[in-house]
Amino acid sequence: MSPKTKSRIEKLLAGLGEKNIDGILISQPENRRYLSGFDGSAGFLIITPQKNILATDSRYTAQAKSQAPEYEIFPVTSDIENWFPGLAAGLNIKRLGFEGEYLTFSLYRRLCDILGKGKTVLKFVPVEDVVESLRAVKEPGEIELIARAAEIADAAMAHIREELHPGMTEKEAAWEIEKFMRDNGSQPLPFDVIVASGPNSALPHTQPSARAIREAEPIVIDIGARVEGYASDLSRTVCLGAPDDTFKKVYDTVLGAQLGAIAVIKPEMSGGEADQIARIIIEEGGYGEAFGHGLGHGVGLAIHEKPRLGSGSSDKLADGMVFAIEPGIYIEGWGGVRIEDLVIMEAGKIREISKARK
Ligand code: ZN
(Lines give C-alpha, C1' and ligand atoms only; values in the text may rest on other atoms or scores of the structure.)
Protein backbone atom coordinates (compact mmCIF):
# COMPACT_ATOMS: atom_id res chain seq x y z
CA MET A 1 0.00 0.00 0.00
CA SER A 2 1.32 3.41 -0.82
CA PRO A 3 2.31 5.04 2.48
CA LYS A 4 0.55 8.24 1.40
CA THR A 5 -2.82 6.57 0.81
CA LYS A 6 -2.40 4.39 3.89
CA SER A 7 -1.93 7.31 6.26
CA ARG A 8 -4.84 9.22 4.71
CA ILE A 9 -7.14 6.22 5.18
CA GLU A 10 -5.96 5.75 8.77
CA LYS A 11 -6.71 9.37 9.61
CA LEU A 12 -10.10 9.12 7.93
CA LEU A 13 -11.06 5.97 9.86
CA ALA A 14 -9.94 7.55 13.15
CA GLY A 15 -12.18 10.55 12.43
CA LEU A 16 -15.14 8.30 11.58
CA GLY A 17 -14.57 6.25 14.73
CA GLU A 18 -15.06 9.39 16.81
CA LYS A 19 -18.42 9.85 15.12
CA ASN A 20 -19.36 6.22 15.78
CA ILE A 21 -19.38 5.37 12.07
CA ASP A 22 -17.89 2.10 10.84
CA GLY A 23 -17.09 2.94 7.26
CA ILE A 24 -17.72 5.44 4.49
CA LEU A 25 -18.99 5.54 0.93
CA ILE A 26 -17.09 8.08 -1.18
CA SER A 27 -18.13 9.30 -4.61
CA GLN A 28 -16.96 12.94 -4.78
CA PRO A 29 -14.22 12.89 -7.46
CA GLU A 30 -11.46 14.77 -5.59
CA ASN A 31 -12.12 12.86 -2.36
CA ARG A 32 -12.03 9.60 -4.30
CA ARG A 33 -8.73 10.51 -5.91
CA TYR A 34 -7.24 11.74 -2.63
CA LEU A 35 -8.02 8.51 -0.81
CA SER A 36 -7.20 6.04 -3.57
CA GLY A 37 -5.01 7.60 -6.25
CA PHE A 38 -7.66 6.62 -8.82
CA ASP A 39 -8.43 9.58 -11.08
CA GLY A 40 -11.08 8.04 -13.33
CA SER A 41 -14.34 9.92 -13.66
CA ALA A 42 -16.69 7.30 -12.15
CA GLY A 43 -16.55 5.02 -9.14
CA PHE A 44 -17.35 4.57 -5.47
CA LEU A 45 -14.93 3.89 -2.63
CA ILE A 46 -16.10 1.95 0.38
CA ILE A 47 -13.62 2.18 3.20
CA THR A 48 -14.02 0.17 6.38
CA PRO A 49 -11.48 -0.98 8.99
CA GLN A 50 -11.54 -4.45 7.33
CA LYS A 51 -11.34 -3.57 3.65
CA ASN A 52 -11.06 -0.93 0.98
CA ILE A 53 -13.25 -1.40 -2.06
CA LEU A 54 -13.24 0.55 -5.30
CA ALA A 55 -16.42 -0.11 -7.26
CA THR A 56 -16.15 0.98 -10.87
CA ASP A 57 -17.24 -0.15 -14.30
CA SER A 58 -15.38 -1.97 -17.05
CA ARG A 59 -14.14 1.28 -18.67
CA TYR A 60 -11.95 1.84 -15.61
CA THR A 61 -11.06 -1.54 -14.10
CA ALA A 62 -7.54 -1.72 -15.57
CA GLN A 63 -6.80 1.89 -14.59
CA ALA A 64 -8.23 1.33 -11.10
CA LYS A 65 -6.04 -1.74 -10.55
CA SER A 66 -2.88 0.11 -11.45
CA GLN A 67 -3.67 3.43 -9.71
CA ALA A 68 -5.25 2.01 -6.56
CA PRO A 69 -3.44 -1.27 -5.84
CA GLU A 70 -4.51 -1.26 -2.19
CA TYR A 71 -8.19 -1.42 -3.14
CA GLU A 72 -10.21 -4.49 -3.98
CA ILE A 73 -11.81 -3.69 -7.36
CA PHE A 74 -15.53 -4.46 -7.38
CA PRO A 75 -17.12 -4.62 -10.86
CA VAL A 76 -20.05 -2.28 -11.33
CA THR A 77 -22.66 -3.54 -13.77
CA SER A 78 -25.61 -1.45 -14.92
CA ASP A 79 -27.86 -0.02 -12.19
CA ILE A 80 -26.76 0.30 -8.59
CA GLU A 81 -29.75 -1.90 -7.61
CA ASN A 82 -27.96 -4.81 -9.30
CA TRP A 83 -24.58 -4.63 -7.61
CA PHE A 84 -24.88 -2.73 -4.35
CA PRO A 85 -26.79 -5.41 -2.38
CA GLY A 86 -24.04 -7.97 -3.01
CA LEU A 87 -21.39 -5.51 -1.97
CA ALA A 88 -23.28 -4.35 1.14
CA ALA A 89 -23.89 -7.95 2.28
CA GLY A 90 -20.17 -8.55 2.53
CA LEU A 91 -19.36 -5.44 4.54
CA ASN A 92 -20.22 -6.64 8.01
CA ILE A 93 -20.72 -3.15 9.43
CA LYS A 94 -23.68 -1.30 10.93
CA ARG A 95 -23.27 2.38 10.13
CA LEU A 96 -21.97 3.48 6.74
CA GLY A 97 -21.25 7.19 6.33
CA PHE A 98 -21.79 9.04 3.07
CA GLU A 99 -20.88 12.52 1.86
CA GLY A 100 -23.95 14.46 2.95
CA GLU A 101 -23.15 17.51 0.85
CA TYR A 102 -22.37 15.57 -2.27
CA LEU A 103 -24.49 12.43 -2.71
CA THR A 104 -27.60 13.33 -4.69
CA PHE A 105 -31.00 12.97 -3.10
CA SER A 106 -32.08 10.58 -5.84
CA LEU A 107 -29.13 8.26 -5.30
CA TYR A 108 -29.62 8.44 -1.54
CA ARG A 109 -33.25 7.36 -1.99
CA ARG A 110 -32.28 4.48 -4.23
CA LEU A 111 -29.67 3.28 -1.76
CA CYS A 112 -32.20 3.43 1.09
CA ASP A 113 -34.68 1.44 -1.00
CA ILE A 114 -32.05 -1.19 -1.66
CA LEU A 115 -31.25 -1.51 2.03
CA GLY A 116 -34.96 -1.54 2.94
CA LYS A 117 -35.52 -4.56 0.71
CA GLY A 118 -32.55 -6.54 2.01
CA LYS A 119 -32.02 -8.21 5.35
CA THR A 120 -29.03 -6.08 6.23
CA VAL A 121 -28.80 -3.99 9.40
CA LEU A 122 -26.68 -1.43 7.53
CA LYS A 123 -27.70 2.22 8.05
CA PHE A 124 -26.65 5.25 6.02
CA VAL A 125 -25.40 8.22 8.02
CA PRO A 126 -24.64 11.59 6.41
CA VAL A 127 -21.25 13.04 7.35
CA GLU A 128 -19.80 16.39 6.35
CA ASP A 129 -16.28 17.52 5.60
CA VAL A 130 -14.47 14.45 6.90
CA VAL A 131 -12.31 14.06 3.80
CA GLU A 132 -12.34 17.79 3.00
CA SER A 133 -10.84 18.69 6.36
CA LEU A 134 -8.06 16.13 5.84
CA ARG A 135 -7.42 17.55 2.37
CA ALA A 136 -7.16 21.08 3.76
CA VAL A 137 -3.83 20.30 5.46
CA LYS A 138 -1.32 19.52 2.76
CA GLU A 139 1.47 16.93 2.78
CA PRO A 140 4.94 17.95 1.53
CA GLY A 141 4.38 16.15 -1.78
CA GLU A 142 1.16 18.04 -2.38
CA ILE A 143 2.78 21.38 -1.55
CA GLU A 144 5.46 20.65 -4.12
CA LEU A 145 2.88 20.01 -6.85
CA ILE A 146 0.94 23.17 -5.96
CA ALA A 147 4.19 25.15 -6.05
CA ARG A 148 4.92 23.79 -9.53
CA ALA A 149 1.43 24.79 -10.68
CA ALA A 150 2.00 28.25 -9.14
CA GLU A 151 5.31 28.59 -10.96
CA ILE A 152 3.62 27.96 -14.31
CA ALA A 153 0.98 30.62 -13.54
CA ASP A 154 3.71 33.08 -12.47
CA ALA A 155 5.57 32.52 -15.74
CA ALA A 156 2.32 32.93 -17.74
CA MET A 157 1.60 36.21 -15.95
CA ALA A 158 5.09 37.53 -16.78
CA HIS A 159 4.59 36.39 -20.37
CA ILE A 160 1.23 38.13 -20.86
CA ARG A 161 2.58 41.35 -19.36
CA GLU A 162 5.06 41.37 -22.23
CA GLU A 163 2.44 40.53 -24.83
CA LEU A 164 -0.44 42.79 -23.76
CA HIS A 165 -0.96 45.84 -25.97
CA PRO A 166 -3.79 48.24 -26.77
CA GLY A 167 -6.10 46.65 -29.35
CA MET A 168 -5.51 43.07 -28.21
CA THR A 169 -8.87 41.55 -27.30
CA GLU A 170 -9.60 39.91 -23.95
CA LYS A 171 -10.13 36.60 -25.76
CA GLU A 172 -6.78 36.84 -27.55
CA ALA A 173 -5.01 37.55 -24.29
CA ALA A 174 -6.82 34.68 -22.54
CA TRP A 175 -5.88 32.24 -25.30
CA GLU A 176 -2.24 33.40 -25.23
CA ILE A 177 -2.16 32.65 -21.49
CA GLU A 178 -3.86 29.28 -21.84
CA LYS A 179 -1.53 28.20 -24.62
CA PHE A 180 1.50 29.33 -22.64
CA MET A 181 0.48 27.36 -19.55
CA ARG A 182 -0.29 24.18 -21.52
CA ASP A 183 3.01 24.49 -23.42
CA ASN A 184 4.82 24.89 -20.12
CA GLY A 185 3.58 21.78 -18.41
CA SER A 186 0.06 22.50 -17.19
CA GLN A 187 -2.63 19.86 -17.47
CA PRO A 188 -6.07 21.11 -18.61
CA LEU A 189 -6.64 24.28 -16.61
CA PRO A 190 -8.58 24.17 -13.33
CA PHE A 191 -10.78 27.08 -14.51
CA ASP A 192 -11.18 29.24 -17.59
CA VAL A 193 -8.69 32.09 -17.85
CA ILE A 194 -10.22 35.45 -16.92
CA VAL A 195 -9.08 38.57 -18.75
CA ALA A 196 -11.45 41.46 -17.99
CA SER A 197 -10.69 44.98 -19.12
CA GLY A 198 -12.20 48.38 -18.38
CA PRO A 199 -15.80 48.19 -17.13
CA ASN A 200 -15.76 44.39 -17.61
CA SER A 201 -13.26 44.11 -14.77
CA ALA A 202 -16.02 45.17 -12.35
CA LEU A 203 -17.50 41.68 -12.81
CA PRO A 204 -15.34 39.33 -10.72
CA HIS A 205 -15.99 36.15 -12.77
CA THR A 206 -16.79 37.39 -16.25
CA GLN A 207 -15.77 35.56 -19.44
CA PRO A 208 -13.16 37.08 -21.77
CA SER A 209 -14.96 38.99 -24.52
CA ALA A 210 -14.09 40.39 -27.93
CA ARG A 211 -13.51 43.80 -26.32
CA ALA A 212 -10.22 45.38 -27.33
CA ILE A 213 -8.01 46.36 -24.39
CA ARG A 214 -7.25 50.09 -24.09
CA GLU A 215 -4.72 52.21 -22.30
CA ALA A 216 -5.29 53.68 -18.83
CA GLU A 217 -7.93 51.16 -17.72
CA PRO A 218 -7.79 48.29 -15.21
CA ILE A 219 -7.23 44.79 -16.64
CA VAL A 220 -7.94 41.92 -14.24
CA ILE A 221 -6.17 38.69 -15.12
CA ASP A 222 -7.09 35.60 -13.05
CA ILE A 223 -5.38 32.34 -13.99
CA GLY A 224 -4.47 28.91 -12.67
CA ALA A 225 -2.43 25.93 -13.84
CA ARG A 226 -2.69 22.28 -12.87
CA VAL A 227 0.08 19.78 -12.17
CA GLU A 228 -0.69 16.12 -11.40
CA GLY A 229 -4.17 17.13 -10.35
CA TYR A 230 -3.13 20.05 -8.13
CA ALA A 231 -4.23 23.57 -9.00
CA SER A 232 -2.85 27.07 -8.55
CA ASP A 233 -4.69 30.39 -8.53
CA LEU A 234 -3.25 33.83 -9.29
CA SER A 235 -4.73 37.24 -10.10
CA ARG A 236 -3.08 40.47 -11.09
CA THR A 237 -4.56 43.78 -12.16
CA VAL A 238 -2.49 45.71 -14.66
CA CYS A 239 -2.83 48.89 -16.64
CA LEU A 240 -1.32 49.83 -19.99
CA GLY A 241 -0.03 53.39 -20.02
CA ALA A 242 -0.65 55.82 -17.19
CA PRO A 243 -3.42 54.80 -14.75
CA ASP A 244 -6.04 57.32 -13.61
CA ASP A 245 -6.27 58.51 -10.00
CA THR A 246 -9.06 56.05 -9.19
CA PHE A 247 -6.83 53.17 -10.27
CA LYS A 248 -4.01 54.28 -8.02
CA LYS A 249 -6.26 54.69 -5.02
CA VAL A 250 -8.18 51.45 -5.54
CA TYR A 251 -5.03 49.46 -6.31
CA ASP A 252 -3.24 50.70 -3.20
CA THR A 253 -6.25 49.90 -1.04
CA VAL A 254 -6.50 46.34 -2.38
CA LEU A 255 -2.77 45.79 -2.05
CA GLY A 256 -2.82 47.20 1.49
CA ALA A 257 -5.66 44.85 2.40
CA GLN A 258 -3.83 41.86 0.96
CA LEU A 259 -0.48 42.63 2.60
CA GLY A 260 -2.24 43.47 5.86
CA ALA A 261 -3.99 40.10 5.84
CA ILE A 262 -0.78 38.25 4.93
CA ALA A 263 1.05 39.90 7.84
CA VAL A 264 -1.59 39.14 10.46
CA ILE A 265 -3.27 35.83 9.59
CA LYS A 266 -2.10 33.07 11.88
CA PRO A 267 -3.06 29.56 12.97
CA GLU A 268 -6.22 29.10 15.05
CA MET A 269 -7.78 32.16 13.44
CA SER A 270 -11.12 31.40 11.76
CA GLY A 271 -11.72 32.01 8.07
CA GLY A 272 -14.21 34.69 9.10
CA GLU A 273 -11.65 36.53 11.25
CA ALA A 274 -9.07 36.41 8.45
CA ASP A 275 -11.60 37.89 6.03
CA GLN A 276 -12.39 40.65 8.50
CA ILE A 277 -8.76 41.88 8.55
CA ALA A 278 -8.82 42.73 4.85
CA ARG A 279 -12.43 43.90 4.94
CA ILE A 280 -11.71 46.52 7.60
CA ILE A 281 -8.78 47.91 5.59
CA ILE A 282 -10.99 48.17 2.49
CA GLU A 283 -13.79 49.79 4.51
CA GLU A 284 -11.36 52.32 5.94
CA GLY A 285 -10.27 53.11 2.38
CA GLY A 286 -13.90 54.00 1.64
CA TYR A 287 -14.69 50.95 -0.53
CA GLY A 288 -16.47 48.71 1.98
CA GLU A 289 -19.45 48.07 -0.31
CA ALA A 290 -17.23 47.24 -3.26
CA PHE A 291 -15.58 44.08 -1.83
CA GLY A 292 -18.38 41.67 -2.65
CA HIS A 293 -16.70 38.29 -2.32
CA GLY A 294 -14.77 36.43 0.34
CA LEU A 295 -11.08 36.96 1.04
CA GLY A 296 -9.97 33.55 -0.12
CA HIS A 297 -10.24 29.79 -0.35
CA GLY A 298 -8.20 26.65 0.00
CA VAL A 299 -6.60 25.31 -3.18
CA GLY A 300 -5.52 21.74 -3.87
CA LEU A 301 -7.07 19.00 -5.98
CA ALA A 302 -10.02 21.40 -6.27
CA ILE A 303 -9.67 25.07 -7.11
CA HIS A 304 -12.05 25.97 -4.27
CA GLU A 305 -11.75 23.81 -1.19
CA LYS A 306 -11.35 24.08 2.57
CA PRO A 307 -10.59 26.38 4.31
CA ARG A 308 -13.02 29.13 3.28
CA LEU A 309 -11.86 32.63 4.16
CA GLY A 310 -15.02 34.68 4.14
CA SER A 311 -17.65 36.30 6.33
CA GLY A 312 -18.97 33.85 8.88
CA SER A 313 -16.57 31.02 8.07
CA SER A 314 -15.69 29.00 11.17
CA ASP A 315 -12.96 27.02 9.36
CA LYS A 316 -9.90 27.12 11.63
CA LEU A 317 -6.67 28.01 9.88
CA ALA A 318 -3.70 25.75 10.61
CA ASP A 319 -0.14 25.02 9.60
CA GLY A 320 0.05 23.12 6.33
CA MET A 321 -2.98 24.79 4.78
CA VAL A 322 -2.60 26.28 1.30
CA PHE A 323 -5.01 29.01 0.30
CA ALA A 324 -5.51 31.99 -1.98
CA ILE A 325 -5.79 35.51 -0.55
CA GLU A 326 -7.68 37.62 -3.06
CA PRO A 327 -9.21 40.89 -1.93
CA GLY A 328 -10.87 42.98 -4.65
CA ILE A 329 -12.74 46.21 -5.20
CA TYR A 330 -15.31 46.45 -7.99
CA ILE A 331 -16.89 49.68 -9.17
CA GLU A 332 -19.70 49.41 -11.71
CA GLY A 333 -18.99 51.34 -14.88
CA TRP A 334 -15.33 51.93 -14.03
CA GLY A 335 -13.87 48.50 -13.39
CA GLY A 336 -12.18 46.49 -10.68
CA VAL A 337 -8.92 45.53 -9.05
CA ARG A 338 -8.16 42.10 -7.64
CA ILE A 339 -4.81 40.88 -6.34
CA GLU A 340 -4.58 37.18 -5.56
CA ASP A 341 -1.70 35.09 -4.32
CA LEU A 342 -1.38 31.52 -3.21
CA VAL A 343 0.08 31.18 0.28
CA ILE A 344 0.88 28.48 2.80
CA MET A 345 0.64 28.64 6.56
CA GLU A 346 3.97 27.44 7.87
CA ALA A 347 5.35 27.47 11.41
CA GLY A 348 2.65 29.94 12.44
CA LYS A 349 3.18 32.40 9.58
CA ILE A 350 2.09 32.97 6.02
CA ARG A 351 4.61 32.26 3.28
CA GLU A 352 3.73 33.36 -0.25
CA ILE A 353 3.93 30.60 -2.85
CA SER A 354 3.12 32.87 -5.80
CA LYS A 355 6.07 34.94 -6.97
CA ALA A 356 4.48 37.07 -9.72
CA ARG A 357 5.37 40.76 -9.52
CA LYS A 358 2.73 43.01 -7.93
ZN1 ZN B 1 -9.31 32.36 -6.37
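The values are calculated or read from the model by the stated rules, or taken from the named source; none is laboratory data. The structure displayed is predicted, hence computed values, not measured ones. No Cβ is skipped: glycine too gets one built from the backbone with ideal geometry, and neighbour counts run over all protein chains shown. Surface areas here come from the heavy atoms of the whole protein model, side chains and all, with no ligands, DNA or RNA. Shrake-Rupley method; radii C 1.70, N 1.55, O 1.52, S 1.80 Å.
At a glance:
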{"read-out": "Theoretical ellipticity at 222 nm over the chain - DSSP helices of four or more residues, -39500 (n - 2.57) apiece, nearest 500", "value": "-12000 deg cm²/dmol"}
{"read-out": "Solvent-accessible area, 1.4 Å probe, carbon plus sulfur percent, for the range 152-204", "value": "50 percent"}
{"read-out": "For the range 169-181, 3J(HN,Hα) per residue [Karplus equation, 6.51 cos²θ - 1.76 cosθ + 1.60, θ = phi - 60°, Hz, x = Gly/Pro]", "value": "7, 4, 4, 5, 5, 4, 5, 4, 5, 4, 4, 4, 5"}
{"read-out": "Two-site label geometry, D244 and R357: point separation in nm, points 7 Å out along Cα→Cβ", "value": "2.6 nm"}
{"read-out": "Contact order relative to length of the chain, as percent, for alpha carbon pairs under 8 angstrom and 6 or more apart", "value": "14 percent"}
{"read-out": "The range 9-155 pair-distance distribution - Cα-Cα, 5 Å bins, rounded %", "value": "2, 9, 18, 21, 21, 14, 7, 4, 3, 1, 0, 0"}
{"read-out": "DSSP beta bridges in the chain [antiparallel fraction, %, rounded to 5]", "value": "75 percent"}
{"read-out": "Cβ crowding within 10 Å averaged over residues, with 9-17, 250-258 ranked highest first", "value": "250-258, 9-17"}
{"read-out": "Farthest positive-ward along the chain dipole, Cα basis, beta-carbon charges - from L87, S41, L134", "value": "L87"}
{"read-out": "Student exercise, the range 3-135 dipole from Lys, Arg, Asp, Glu Cβ charges, in Debye to nearest 20", "value": "300 debye"}
{"read-out": "Estimated inter-spin distance, A210 and S66, nm [label 7 Å along Cα→Cβ]", "value": "4.5 nm"}
{"read-out": "Which listed pairs, of K4/K358; K11/K65; K11/K123; K179/K349; K4/K117; K179/K316, have C-alpha distances above 30 Å, in listed order", "value": "K4/K358; K179/K349; K4/K117; K179/K316"}
{"read-out": "Area projected by the alpha carbon convex hull of the range 84-193, averaged over all directions, nm²", "value": "11.0 nm²"}
{"read-out": "For D39, distant residues with modelled amide H under 5 Å away", "value": "none"}
{"read-out": "Angle between the chain longest axis and helix 140-163 axis [Cα atoms, degrees, rounded to 10]", "value": "30 degrees"}
{"read-out": "Percent of alpha-carbon pairs separated by more than 27 Å within the chain", "value": "53 percent"}
{"read-out": "Length added when fully stretched, R59-T104, from 0.36 nm per residue minus Cα-Cα", "value": "13.9 nm"}
{"read-out": "At most 16 other Cβ within 10 Å, DSSP loop - GluC sites (Glu not before Pro), the range 91-193", "value": "E101, E128"}
{"read-out": "Rg(Cα)/(2.2 N^0.38 Å) for the range 238-281, N = residue count", "value": "1.44"}
{"read-out": "For the range 215-358, alpha-carbon Rg and Dmax in angstrom", "value": "14.8, 44"}
